[in-house]
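Input: a single structure, listed below in structure tokens.
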Amino acid sequence: MTTSKITRIGLLIIIALALLIWGVNYLKGKSLFKSENTYYVVYDRVNGLNNANSVLINGFKIGQVADIRFLQDTSEHLLVTLTIESKYRIKKGAVAQIFSEDIMGTKAIQIIKSESSEFHNDGDTLISSIEGDLKEQVNMQILPLKRKAESLISSLDSAILVVRSIFNEKTQENLRRTFASIKITISNLERTTFTLDTILNSEKSKLARIFSNIDAITGNLKNNNEKLSNIINNFSSISDSIAKADIASTLHKADSALVQFNNVLKAINEGDGTINQLLNNDTLYRNIENATYNLNKLLRDMHENPKRYVHFSILDLGKTIYVEEPKEVKEKKKKKKDIEE
């Protein structure tokens, strides 16, 4: 074998080894041709995170997971090694959060930036965080609904107990009676409406005349609106005049006059004056009656026997008239004189 062939075989072996090493490191997430910084994150669990999974900032890949192993002092925590290109610096206070990168559940780490102005150095440990998986998110969303549902069920249970206590046998019997009464009432209403409809149909012509008369009355009122307005104004004027009149003073004067008249009547009833004698003593009445009676007889006698009262004298140029008192008058005067004596 010549030297040139041995050399070419050696070069091929070296290239193959280099490609193998590069491929293994690439699969492990290591780059042989880029400058990278290494950071560490401690998690309680990794939720399916594997080597070579992406490290992202704002959805842009800046590195990958280089190694995952348990800490030496305990098996309760996992140490994840991240390799990030050195041109992407991580601020202090940033959080490395494990999350689901796609709908299939592929895990990745996203760097949640902080507002600090200082940066981590190569080999620093970042703050860890784990985004809840789909089950946890669903549980987080359902848990408040579950609590509300439990509260609602408890309220419904209390409401059902209250309803049961209200709708006991007595209440149910009352409800049955009430519904029976309502049924009877509806039946009565149906009969009443039928009767009313029958009356309306039979009295339709009368109702039409009544409405016609009402329409005529309203038409007359409309036509005589001006006259009605004048009448109302006149009444208003009369009421204003009455309001302005001193009715109280007039009534007071009338009351005073009635009091005085009452006093006069009382004096007439209780006194011994002439008016009282006229009202209560009938002697004057009887005397007047007798006088009129005797005067009437006298006049009648004078008419029948004028010669008794009129005498003519031949020597006397004038007439001499003698009036003789009637016999009845003379007897009454004599009786009165005897009584007085």
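The values are calculated or read from the model by the stated rules, or taken from the named source; none is laboratory data. Just so it is clear, the model here is predicted, and its values are computed rather than measured. Glycine gets a Cβ as well: all are built from the backbone with ideal geometry, and neighbour counts include every protein chain shown. Note: accessible area is taken over every heavy atom of the protein model, side chains too, but ligands, DNA and RNA are not part of it. Shrake-Rupley method; radii C 1.70, N 1.55, O 1.52, S 1.80 Å.
Restricting to the stretch 87-105, what's the tally of residues that are surrounded by 15 or more Cβ atoms within 10 Å (Cβ to Cβ) and in contact with a helix residue (DSSP H, G or I) (Cβ under 9 Å, 6 or more places away or on another chain)?
1
For the stretch 52-88, which residues satisfy the criterion of being assigned to a loop (DSSP other than H, G, I, E, B), in contact with an Asp or Glu (Cβ under 9 Å, 6 or more places away or on another chain) and more than 13 Å from residue 40 (Cβ to Cβ)?
Correct list: 53, 76, 86.
Out of 46, 80, I need the residue that is open to solvent by less than 60 Å² (accessible area, probe 1.4 Å), closer than 21 Å to residue 107 by Cα and at pLDDT below 90. Which one?
Exactly one of 46, 80 is open to solvent by less than 60 Å² (accessible area, probe 1.4 Å), closer than 21 Å to residue 107 by Cα and at pLDDT below 90, namely 46.
Can you find a residue in the stretch 167-175 that is exposed (fewer than 10 other Cβ atoms within 10 Å of the Cβ) and not hydrophobic (A, V, I, L, M, F, W, C)?
Scanning the stretch 167-175, I find at least one residue that is exposed (fewer than 10 other Cβ atoms within 10 Å of the Cβ) and not hydrophobic (A, V, I, L, M, F, W, C), so the answer is yes.
Please go through the stretch 123-148 and pick out each residue that is acidic (Asp, Glu), modelled with pLDDT under 90 and within 19 Å of residue 81 (Cα to Cα).
If the condition is that a residue be acidic (Asp, Glu), modelled with pLDDT under 90 and within 19 Å of residue 81 (Cα to Cα), then 131 is the only one that fits.
Residue-by-condition table, conditions (1) acidic (Asp, Glu); (2) touching a Ser or Thr at 6+ places or on another chain (Cβ under 6 Å); (3) in contact (Cβ under 8 Å) with a residue 60 or more places away in the chain; (4) surrounded by fewer than 10 Cβ atoms within 10 Å (Cβ to Cβ):
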position: 124; (1), (2), (3), (4): yes, no, yes, no
position: 130; (1), (2), (3), (4): no, no, yes, no
position: 155; (1), (2), (3), (4): no, no, no, no
position: 187; (1), (2), (3), (4): no, no, no, no
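Starting from the stretch 211-235, take each residue that is in a helix (DSSP H, G or I) and list its partners that are exposed (fewer than 10 other Cβ atoms within 10 Å of the Cβ) and of a type in the set (Ser, Thr, Tyr), counting only C-beta distances under 9 angstrom and pairs at least six apart or across chains.
Final answer for the pair search is none.
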